[in-house]
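S.K.: Just passing along the structure, written as structure tokens.
Quick note: the coordinates plus some simple rules give every number you see, no bench work behind them. Everything quoted here is computed from the prediction, not taken from an experiment. Using ideal geometry, Cβ is built from the backbone for each residue, glycine included, and neighbour counts are taken over all protein chains shown.
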Amino acid sequence: MSLSPTARAARAFGANPAALAGLVMLGAMVIAVGVGPWLYGVDPLEIVAPPLSAPDGEAPFGTDYLGRDILAAVLLGGRATMLVGVTAAFLSVVIGVTIGATAGYLGGRVDAALMRVTEFFQVLPALLFAMVVVMLFRPSLVTVALSIGVVSWTGTARLARAEFMRLKGLEFVEAARAEGATDLRIVFRVILPNGMAPLIVSATLAVGAAMLFEGGLSFLGLGDPNAITWGRMIGQNRSYLLDAWWTVTFPGLALFVTVLSVALLGDGINDALDPRRGSSA
Amino acid sequence: MSRLVWLGRRLVHAFGLMLAVLVLNFVLVHLAPGDPADVIAGEMGGASAQVMAEIRAAYGLDRSIGEQLVRYLGHVLSGDLGFSFYFNRPVTALVFSRMGATALLVASAIVAALVLGTWLGVIAARRPRGVAAQLVAVFSVAGFAAPVFWTGMMFLLLFASYWPIFPVSGMENAGTPRVGFARVLDIAHHLVLPAMTLALIYLAQYSRQARTGMLTALAADYIRTARAKGLGETRVVYRHALRNALIPVITIAGLQFGQVLAGAVLVETVYSWPGLGRLAYESILRRDSPTLLGVLLGSSVMVIVANLLTDAAYRLADPRMRTQ
């Protein structure tokens, strides 16, 4: 009964099988991508077997249209995908929280203006806009991550705005203000820690969404031409789909499992941090 | 009168959003390395400095930024989006010719996701521990996590190759074009896989939303009143509760139109569906930026129109919205 909120949340998380499964799966994928290429030891660019060989003992995931080992590419390809996903999600959360917090805390005209900007970015079809940006500024991991971050912050901004509007009128904020705290201090040290729970969930889901986004861009041929990513493997092998299912299935499965584990983790954190759910589960 | 004022306001607002999209397009093109003259010279297979200067003068690239922006806005507002060298057609005509296919795909996907999602959500809310509730729980996570272009290809493997019950690509049978009702059936047959692929993502979200909405609605006082009056359970659920539970689902569906459109880019590419998304993909392959910008503009207009229609439908459906 006298548990700290963190301990209570950790306990709720630990009692949630789906959330634990997500954590374990994500851990496994990160380890596979982190040390897998080194353990497996096959160069993903080297031709090891005839083109489009079916999966066997030699190449467990088969080979692609040039005869390169697909497992080696899946292991290495996860690095760029995860890196871009995390960077883009971080960027989108920073933009979203900054805009949402400013709008929610200051209110009035600033709020109205910032919400106009948010609405504008919601109207813009995100993927098409990112496609235009990447194509005009030549594709690289940096431009891809930047363009994803710039188009996917609107949800976080709305969430942060709602939290700040809700919290800014509460007594503990009044108390801080009465003590003479500056606006900056109130925003970062008083309100933000209390509004953290929904933002953490949103940030977790943003990582998943950004990895899918990167997958889509690379699939369309707008990824970094020097990096192997899961989406790019799917895009490059798509003409061989009906003759060689393994060329497309395994990279897609890797992306699916990674995003699925991130989503399960996000849902688990959400349930664990929501005190209303704590007693019933 | 108030209805006209409302409509006028919404139209001005929509126009403002469109202008903002245009200005953003313009700024992006100007921030990007290289200018359109380089691209044109590239198409021609290289050009001397003098020819480059002539191209710049012909397209007004030698004027000030402000002047160029006004020129650009003037062109676009009079319906001129430039010329696609690859397709050898004006971009405006190109974009319009592809809009119908995309609208068909997106509308079918949204309707399928709304109907199936609501149905799953209602069943899940009525029996929280039943099979449907478990399905909704699994769907809502898996639907978010599955890369739509990959799901599409897995569907192709299953339903076009392993059990060849649906066509692999395109919107119509190319070999023997049909007419009349046979053509409608043919297009519907081609539509099933792409529409289901696209619907799957949103099916997940709508079912979740419908479930939450139903749970809230079923706990409300007016439902207890309806039951106390002796109304049948089916009537209570479908006539009384569902109406209120649907409002947030429709709001989300309207707001997400832009995202569905983005998903359509990937789905159209997988299934070679001849819409705006496929056009975007083709224009990337050819580095045809006027066409890609035209697609961005065309789809933004579609989103703005869709939002306007959602708002109007909303006002018709919910009397409370009219007094605000």
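S.K.: Could you give me the ³J(HN,Hα) list for the stretch B:83-89, computed from phi with Karplus coefficients 6.51, -1.76, 1.60 and θ = phi - 60°, whole Hz, x at Gly and Pro?
M.R.: Values, residue by residue: 10, 9, 6, 5, 7, 6, 9 Hz.
S.K.: If you average the sequence gap of Cα pairs under 8 Å that are 6 or more apart and divide by the length of chain B, what percent do you get for the contact order? Please list the in-between numbers first.
M.R.: Numbers: 320 pairs, mean separation 75.1, N = 324.
For chain B, the relative contact order is 23 percent.
S.K.: If you take the Cα Rg of chain A and divide it by 2.2 N^0.38 Å, with N the number of residues, what do you get? Don't jump to the answer; show the numbers that get you there.
M.R.: Details: Rg = 22.1 Å, N = 281, 2.2 N^0.38 = 18.7 Å.
Against the empirical 2.2 N^0.38 Å value, I get 1.18 for chain A.
S.K.: Using the eigenvalues of the Cα gyration tensor, what equivalent ellipsoid semi-axes result for the stretch A:44-86 when each is taken as the square root of five times the eigenvalue, whole Å, largest first?
M.R.: Working: eigenvalues 102, 19, 10 Å².
Ellipsoid half-lengths, sorted descending, are 23, 10, 7 Å.
S.K.: With the Cα gyration tensor of the stretch A:126-281 giving a ≥ b ≥ c as the square roots of its eigenvalues, does the rule (a/c under 1.5 for rounded; else a/b larger than b/c for prolate; else oblate) give rounded, prolate or oblate? Display every interim value, and only then the final one.
M.R.: Details: a/c = 4.23, a/b = 1.94, b/c = 2.18.
It comes out oblate by the Cα gyration axes.
S.K.: In µm²/s, what is D for the stretch A:162-250 at 25 °C and 0.890 mPa s, where D = kT/(6 pi eta Rh) by Stokes-Einstein and Rh is the Kirkwood radius from Cα pairs?
M.R.: Value of D from the Cα-based Kirkwood radius: 147 µm²/s.
S.K.: With bins 20 Å wide starting at 0, give me the P(r) of the protein assembly as shown over every alpha carbon pair, in whole percents.
M.R.: 17, 51, 29, 3, 0
S.K.: Shape verdict for the stretch B:179-229, please, from the Cα gyration tensor: rounded (a/c under 1.5), prolate (a/b greater than b/c) or oblate. Working shown, then result.
M.R.: Details: a/c = 8.60, a/b = 2.42, b/c = 3.56.
Cα axes put the stretch B:179-229 in the oblate bin.
S.K.: Using the Cα atoms as the points, what is the convex hull volume per residue of the stretch B:188-324 in Å³?
M.R.: Working: hull volume 18.0 nm³, N = 137.
In the stretch B:188-324, the Cα convex hull volume per residue is 131 Å³.
S.K.: Oh, and also: Over the stretch B:210-258, what is the relative contact order in whole percent, taking alpha-carbon pairs under 8 Å and six or more residues apart?
M.R.: Working: 25 pairs, mean separation 24.6, N = 49.
Contact order relative to length: 50 percent.
S.K.: Another one. Considering amide H positions built from the backbone, and no H for Pro or chain starts, which residues 5 or more places from B:F83, or on another chain, come under 5 Å of its amide H?
M.R.: Amide H neighbours of B:F83, under 5 Å, 5+ apart: B:V91.
S.K.: Quickly rank A:121-127, A:166-172, A:193-199, B:17-23 as a protection proxy: mean count of other C-beta atoms within 10 Å, highest first.
M.R.: Details: A:121-127: 24.1, A:166-172: 12.7, A:193-199: 15.7, B:17-23: 17.4.
Those peptides, ordered most packed to least, come out A:121-127, B:17-23, A:193-199, A:166-172.
S.K.: Longest exposed-loop-site-free stretch of chain B, with trypsin sites (Lys or Arg not before Pro), DSSP loop and at most 15 other Cβ within 10 Å? Don't skip to the answer; put the middle values down first.
M.R.: Numbers: sites that count: B:R63, B:R129, B:R178, B:K229, B:R286, B:R287.
Free of exposed loop sites, the longest segment is B:64-128.
S.K.: Something else now. Give the long-range amide H neighbours of A:S53: residues separated by 5 or more places, or on another chain, with amide H under 5 Å away, using H modelled in the peptide plane at 1.01 Å from N.
M.R.: Close amide H contacts, sequence-distant or interchain: A:T63.
S.K.: Taking Cα atoms, how many degrees apart are the long axis of helix A:5-14 and the longest axis of chain A, rounded to 10 and kept between 0 and 90?
M.R.: Helix A:5-14 and the main axis of chain A meet at about 30 degrees.
S.K.: First check a/c for the stretch A:9-147, with a ≥ b ≥ c the square roots of the eigenvalues of its C-alpha gyration tensor; if it is under 1.5, answer rounded, and if not, answer prolate when a/b is larger than b/c or oblate otherwise.
M.R.: Details: a/c = 3.54, a/b = 1.69, b/c = 2.10.
Oblate, because a/c is 1.5 or more while a/b does not exceed b/c.
S.K.: Name the most mobile residue of B:D80, B:D221, B:D311, meaning the one with the largest mean-square fluctuation, in a Gaussian network model of chain B with Cα contacts below 10 Å.
M.R.: Highest fluctuation among the options: B:D221.
S.K.: Please list the equivalent ellipsoid semi-axes of chain B, computed as the square roots of five times the alpha-carbon gyration tensor eigenvalues, in descending order and whole angstrom. Spell out each step's value before the answer.
M.R.: Numbers: eigenvalues 390, 145, 52 Å².
Sorted largest first and rounded, they come to 44, 27, 16 Å.
S.K.: Let me ask you something else. For chain A, what does -39500 (n - 2.57) per DSSP helix run (n ≥ 4), summed and divided by total residues, give at 222 nm, in deg cm²/dmol to the nearest 500? Intermediate results must be reported in sequence, preceding the final value.
M.R.: Values: 12 runs with 196 residues, N = 281.
After summing the helix terms and dividing by the residues of chain A, the value is -23000 deg cm²/dmol.
S.K.: Could you work out [θ]222 nm for chain B from helices alone, using -39500 (n - 2.57) per DSSP H run of at least four and dividing by all its residues? Round to the nearest 500 deg cm²/dmol. Let's see the in-between values first.
M.R.: Numbers: 14 runs with 241 residues, N = 324.
So the calculated ellipticity at 222 nm is -25000 deg cm²/dmol.
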